[in-house]
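Structure first, then comments.
Each value in this text was obtained by applying a stated rule to the coordinates, not by laboratory testing. Model, not experiment: these values are computed from the prediction. Reconstructed Cβ throughout: ideal geometry from the backbone, glycine too, with neighbour counts over all protein chains shown.
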């Protein structure tokens with residue numbers, strides 16, 4: 001059945017989007033601006049891992065069809081993305097004496113600098129990690145699902161990272177303060193939380209997750225200097241759907257947007273899949289409009305519930 | 001300049017309905033679990049300077065935002081001059097004659113003081129894009145009138161020397177005076193002042209008190225939030241005391257000052 | 001105060017940045033002139049560059065009346081430009097996949113109409129919200145417009161683009177045949193006999209067209225910027241709540257400002273279609289949007305002459321970097337180099353000169369009113385009288 005295949009792909013893509021949207025949402029609320037360089041932070045993570053994998057790729061045995069070296073490269077990607085973001089915060093954003101709108105515009109400049117540097121070093125073309133593509137997992141094929149062990153690795157790794165973040169947010173002092181600050185930055189400030197330190201951690205965590213998302217996107221598709229910027233619209237849609245500043249909203253929003261994105265081909269056959277709807281019913285949208293659907297959802301959310309599904313209704 | 005000139009001395013007038021400029025009934029608002037405004041009810045009589053005080057977090061600013069349309073109330077009613085303005089957009093509330101100022105006015109970048117003043121007048125013909133081209137004469141006339149009026153008010157406020165200064169380069173205290181002057185250009189039926197004395201040095205504060213009193217004598221009704229007790233007590237009558245989002249008591253300043261409930265609220269809530 | 005009657009006083013009256021800009025402009029013009037006279041710069045190409053500069057100035061005007069006046073962040077400049085270009089192309093070109101072959105003026109009207117509707121559609125959900133929502137949504141809009149142009153082949157020819165766009169003056173009396181008529185004219189210059197082809201005269205007509213567009217737009221913007229209407233927009237930019245509290249329907253003002261800017265961007269697109277005579281999805285490259293942003297921030301947000309200046313700087317950057325590819329010792333491709341340049345310019349401007357090079361400096365009060373009002377002692381801000389030479 002076609003639907004199962006699309007759902008499986010949706011799950012994989014969602015994992016990547018969730019990793020991107022959590023960081024964007026956190027930075028949005030805690031550093032108080034829409035960071036248009038977030039997508040390119042993902043690209044930074046992906047290419048860092050690409051370089052690292054070139055060095056340590058042959059390392060050790062393998063898990064889920066991926067050599068240990070890949071996981072080392074993943075950690076490098078996360079670390080580099082996090083460090084680059086923190087350095088950017090320290091060097092570019094912090095010394096600025098402008099409001100959040102000024103920061104937003106600056107972040108566009110930062111995005112271009114990231115992308116330009118990557119493109120200068122690696123060229124504008126697509127590349128791949130030097131990992132042998134796998135055949136789909138055999139026992140799933142009868143169910144109409146064609147996914148590889150690599151895809152499973154993406155979902156599992158993303159789940160581990162998101163689960164780790166959940167534990168951090170719920171059971172650590174840092175996490176509680178981050179949530180407090182995301183909820184209401186002013187209140188957190190007056191209640192004596194050292195907001196500068198929290199802000200730095202937010203950049204680290206947000207960009208680290210974005211870096212991981214970039215690495216997985218590179219594994220799932222390919223790498224290109226534009227990969228992150230192209231994803232930015234979808235990630236913003238996820239964050240707005242989830243409600244800016246809500247980490248769990250971002251997870252939910254990322255999951256939904258990722259799913260819908262991959263389910264686009266199904267929309268034209270909607271009637272056949274849903275009960276109580278005539279078989280001929282369908283929304284005829286081509287797969288090429290997957291991003292446009294994210295945009296339409298975003299606009300609809302802004303019209304109906306601008307604070308997102310997890311935010312307070314106004 | 002205001003047509004709300006009271007027929008009788010405001011302080012001696014009886015509380016007949018027609019003299020009420022602002023009526024707030026049973027107003028409610030909460031943010032998540034926090035109840036910011038809890039069934040607040042009060043009235044502002046025409047021609048008064050009414051003070052709105054209360055300990056930190058008593059909900060003074062929330063009331064201002066609810067009344068002026070910046071927040072939408074969850075329940076209750078706001079009337080300006082007998083018109084129900086509940087749930088209206090701030091600009092619509094302003095069109096009904098309720099003008100407000102802000103606690104920390106942001107500087108208008110790239111404008112001189114008198115340009116900043118000229119934002120004040122309501123319903124300027126030159127605010128219509130089409131009229132700029134179809135009837136430039138009318139736009140020019142109204143602009144000349146407004147400019148002359150702005151300069152007259154600045155003179156009355158004794159800050160006319162600031163007229164062509166960049167608005168970003170005057171002091172915070174001077175800005176408060178300019179704000180008040182600008183609000184007068186909007187010809188308010190009732191003017192809400194949000195902490196007019198905050199961050200203003202004593203000399204300018206006296207000037208501010210003087211101006212508010214003078215404008216009041218000329219017929220403008222004021223409702224003001226203020227932290228500085230001396231400032232409120234020398235200016236406002238009556239004074240409304242808010243605590244935990246609802247009205248604790250209301251009365252002339254002397255009575256309020258000596259009321260034990262008010263003292264308790266300040267000591268208890270402020271700690 | 002005129003540059004011609006008393007140059008030294010004129011010079012002394014300028015601010016330092018103004019002097020710098022003047023030196024740059026004069027130097028740049030001199031460079032081009034030298035290029036023209038020495039034959040290194042073909043006259044037709046020169047006219048094409050001037051046309052492009054005018055086009056970028058229009059785009060900068062458009063963004064300036066959104067971001068500079070009101071503080072609206074529009075990241076879909078390229079999309080509105082594209083709507084203008086495609087609107088003009090699809091209505092006027094013979095090969096248009098939908099009803100083409102109309103007079104270019106019809107194309108102009110249709111293109112502006114579509115751009116206006118699109119601006120309203122994107123404004124309705126976002127302009128009531130915080131300024132960054134428009135930024136995000138407009139980024140999405142740009143992508144959607146690009147996708148539609150690329151994929152709806154039955155309407156747009158897809159990636160093949162639209163060819164056969166006539167010149168803007170086709171169907172006009174006199175002007176239609178002007179280039180071919182002039183082509184036979186021989187100019188007797190001292191020393192040489194110069195024959196300028198039809199392409200040159202066509203280029204000249206295009207420059208005249210863009211000069212007219214730029215001139216009219218500039219005059220309109222200058223008038224509205226110093227009006228009470230413009231003052232409300234500038235108040236919104238600094239403090240929207242204040243404007244609301246003073247009884248201004250800020251949503252309506254923001255919408256007007258957004259639509260006005262989008263129309264100007266579409267006008268730039270219409271001109272481009274008739275300049276280039278060919279449009280393709282490549283013209284909707286989002287990078288165009290950020291070139292224009294650099295132009296507006298560089299020129300000085302809110303300053304119309306700054307936007308004009310910024311438009312010319314973009315052409316200098318774009319066409320200047322084009323030659324870099326010819327130098328073998330530069331190891332990298334020009335595309336990322338330009339991208340880097342834009343990025344660094346944006347960051348550096350926001351850091352060191354957020355107000356731009358030519359921020360609006362003079363008081364903006366309706367000219368008649370200032371003349372009639374009693375005069376006041378002048379101070380830091382210079383006053384503008386009726387005949388002021390900038391906004």
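Just to be sure I understand: of the beta bridges DSSP finds with both ends in the protein assembly as shown, what percent are antiparallel, rounded to 5?
Around 65 percent of the beta bridges assigned by DSSP in the protein assembly as shown are antiparallel ones.
Under the classification rounded if a/c is under 1.5, otherwise prolate if a/b is larger than b/c and oblate if not, where does segment A:204-246 fall, given a ≥ b ≥ c as square roots of the Cα gyration tensor eigenvalues? List each step's numbers first, then the result.
Working: a/c = 2.49, a/b = 1.53, b/c = 1.63.
Cα axes put segment A:204-246 in the oblate bin.
Quick check: the angle from helix B:172-185's long axis to the longest principal axis of chain B, C-alpha only, nearest 10 degrees?
So the helix axis and the longest Cα principal axis differ by about 80 degrees.
Counting only other chains, what is the mean number of Cβ atoms within 10 angstrom of the Cβ of each residue in peptide B:162-168?
4
Which number do you get for Rg(Cα) / (2.2 N^0.38 Å) in chain B? Provide the component values of the computation, followed by the final result.
Details: Rg = 18.9 Å, N = 271, 2.2 N^0.38 = 18.5 Å.
Ratio of Rg to 2.2 N^0.38 Å for chain B: 1.02.
What does the convex hull of the alpha-carbon atoms of the protein assembly as shown project to on average, in nm²?
Averaged projected hull area, Cα only: 47.3 nm².
Please compute the alpha carbon radius of gyration of segment B:42-84, then divide it by the globular-protein estimate 2.2 N^0.38 Å. Two decimals is fine.
Normalised Cα radius of gyration, segment B:42-84: 1.24.
Order of B:28-35, C:116-123 by packing, highest average Cβ count within 10 Å first?
Descending mean neighbour count gives C:116-123, B:28-35.
Helix B:202-217 against the longest principal axis of chain B: what's the angle in degrees, Cα atoms only, rounded to the nearest 10?
Compared with the principal axis, the helix lies near 90 degrees.
How many Cβ atoms of partner chains, on average, are near each residue of C:334-346 if near means within 10 Å of its Cβ?
The per-residue average across the peptide is 6.
Using Cα pairs under 8 angstrom and six or more residues apart, how large is the relative contact order of segment A:112-269, in percent?
Details: 99 pairs, mean separation 37.0, N = 158.
Normalised by residue count, the contact order of segment A:112-269 is 23 percent.
Taking chain B as the reference, fit the longest principal axis to its C-alpha atoms, fit the long axis of helix B:136-156 to the helix C-alpha atoms, and give the angle between the two in degrees, 0 to 90, nearest 10.
Tilt relative to chain B: about 50 degrees.
Using the alpha-carbon centroid of each, what span in Å lies between segment A:235-255 and segment B:235-263?
Centre-to-centre (Cα) distance: 46 Å.
For segment B:162-242, just run the numbers: alpha carbon Rg, then divide by 2.2 N^0.38 Å, N being how many residues it has.
Against the compact-globule rule of thumb, the ratio is 1.09.
Take every DSSP beta bridge with both residues inside chain B and express the antiparallel ones as a percent of the total, to the nearest 5.
If I count the DSSP bridges inside chain B, around 60 percent turn out antiparallel.
In square nanometres and to one decimal, what's the mean projected area of the convex hull around the Cα atoms of segment C:46-360?
Average projection, Cα convex hull of segment C:46-360: 19.0 nm².
What per residue convex hull volume, in Å³, do the alpha-carbon atoms of segment B:116-271 yield? Write out the running numbers ahead of the final one.
Details: hull volume 23.2 nm³, N = 156.
That works out to 148 Å³ per residue.
What shape does segment C:220-290 take by its C-alpha gyration tensor, where a ≥ b ≥ c are the square roots of the eigenvalues and a/c under 1.5 counts as rounded, a/b above b/c as prolate, and the rest as oblate?
Prolate is the answer for segment C:220-290, as a/c is 1.5 or above and a/b outweighs b/c.
Could you give P(r) for segment B:39-180, binned at 5 Å from zero, as whole percent values over all Cα-Cα pairs?
All Cα pairs considered, the percentages come to 2, 8, 14, 15, 17, 16, 14, 8, 3, 1, 0.
Starting from the Cα gyration tensor of segment A:1-98, take the square roots of the eigenvalues, sort them a ≥ b ≥ c, and report rounded, prolate or oblate (rounded when a/c is under 1.5, otherwise prolate if a/b is larger than b/c, else oblate).
It comes out oblate by the Cα gyration axes.
List the extent of the Cα atoms of segment A:168-226 along each of their three principal axes, largest first, rounded to whole Å.
That gives 46, 24, 16 Å along the principal axes, largest extent first.
Hey, got the average number of other protein chain Cβ atoms within 10 angstrom for residues in B:144-153?
Working: counts 8, 3, 5, 7, 4, 0, 1, 3, 1, 0.
Counting Cβ atoms of other protein chains within 10 Å of each residue's Cβ and averaging gives 3.
For segment A:98-235, take the convex hull of the Cα atoms, compute a quarter of its surface area, and give me that in nm², please.
With every direction weighted equally, the projected area is 11.7 nm².
Over the Cα atoms, compute the radius of gyration (one decimal) and Dmax (the largest Cα-Cα distance, rounded to a whole number) for segment B:107-172, in Å.
13.0, 40
If you bin every alpha carbon distance in segment C:46-167 into 5 Å steps from zero, what whole percent lands in each bin?
With a bin width of 5 Å, the distribution comes to 2, 11, 17, 21, 20, 15, 9, 4, 1.
From the gyration tensor of the Cα coordinates in chain A, what semi-axes in whole Å does the equivalent ellipsoid have, largest first, with each one equal to sqrt(5λ)?
Rounded to whole Å, the semi-axes are 31, 26, 18.
Quick check on the exposure proxy: order A:21, A:246, B:258 from fewest to most C-beta atoms within 10 angstrom.
Final ranking by Cβ density, sparse to dense: B:258, A:246, A:21.
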